[in-house]
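I have placed the structure first, in the form of structure tokens, so that the comments after it can refer back to it.
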Amino acid sequence: MSIKVNGLDELRKMAGNDLGTSEWIEVTQERIDTFADATGDHQWIHVDPQRAAEGPFGAPIAHGYLTLSLFIPLFTELLEVDGVSTKVNYGLNKVRFPAPVKVGSRIRLTARLSSVEEVPGGVQIAVDGTIEIDGGGKPAAVLQSLSRFYA
């Protein structure tokens, strides 16, 4: 369920609030292969199911950066900001990948809007996010994402 805010003033008031949890999405071999093609990273641990089955994780695993890239579609399920002219990714702070995402796993995002700071023409938000693995003991990714919203 998405939280909807209209404009920068409402966004400012959201600082410190939990944003909730997204729906689960499945990380398929097709998604992993497509990411490998897009990035040129065809390491066997990701794209060779037979060899990966004999590897350290017993199955192919998603690229860490694939898992990270899924932050955006998962995040857009949680917070919708209207009444702004532009929304841009600004960067990331500390990112870690505590556990691999095996092919066929489901992941979801739990997030908190940790801060809203003024920048020329708008605001910068920091979102603390945890990408969880269904049934996993450790998260797939823990990060802080920075985005800017302009009036």
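The values are calculated or read from the model by the stated rules, or taken from the named source; none is laboratory data. Nothing here was measured: the structure is a model prediction, and the numbers come from that model. Using ideal geometry, Cβ is built from the backbone for each residue, glycine included, and neighbour counts are taken over all protein chains shown. Quick note on the areas: whole protein, heavy atoms, side chains included, nothing else; ligands and nucleic acids left out. Shrake-Rupley method; radii C 1.70, N 1.55, O 1.52, S 1.80 Å.
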ask   = Can you name every residue in the range 102-151 that is under 23 Å from SER2 (Cβ atoms), assigned to a loop (DSSP other than H, G, I, E, B), modelled with pLDDT of 95 or more and open to solvent by 10 Å² or more (accessible area, probe 1.4 Å)?
value = ASP134, PRO139
request  = Find the residue count for the range 83-101, including only residues that are over 14 Å from LEU11 (Cβ atoms) and buried (at least 17 other Cβ atoms within 10 Å of the Cβ).
outcome  = 4
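Kindly provide the set of residues from the range 63-75 that are in contact (Cβ under 8 Å) with a residue 60 or more places away in the chain and either buried (at least 20 other Cβ atoms within 10 Å of the Cβ) or hydroxyl-bearing (Ser, Thr, Tyr) (or both), ordered by number.
Filtering the range 63-75 for residues in contact (Cβ under 8 Å) with a residue 60 or more places away in the chain gives 64, 67-68, 70-71, 75.
Hits for the range 63-75 are THR67, LEU70, PHE71.
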ask   = Taking only pairs six or more apart or across chains, which ones have beta-carbon atoms under 8 Å, a first residue in the range 93-112 that is on the phi > 0 side of the Ramachandran plot and touching a residue at least 24 places away in the same chain (Cβ under 8 Å), and a second residue that is of a type in the set (Asp, Glu) and assigned to a strand (DSSP E or B)?
value = GLY104/GLU26
task = Within the range 32-50, identify whether any single residue is touching a residue at least 24 places away in the same chain (Cβ under 8 Å), buried (at least 16 other Cβ atoms within 10 Å of the Cβ) and within 26 Å of ALA151 (Cβ to Cβ), and answer yes or no.
result = no
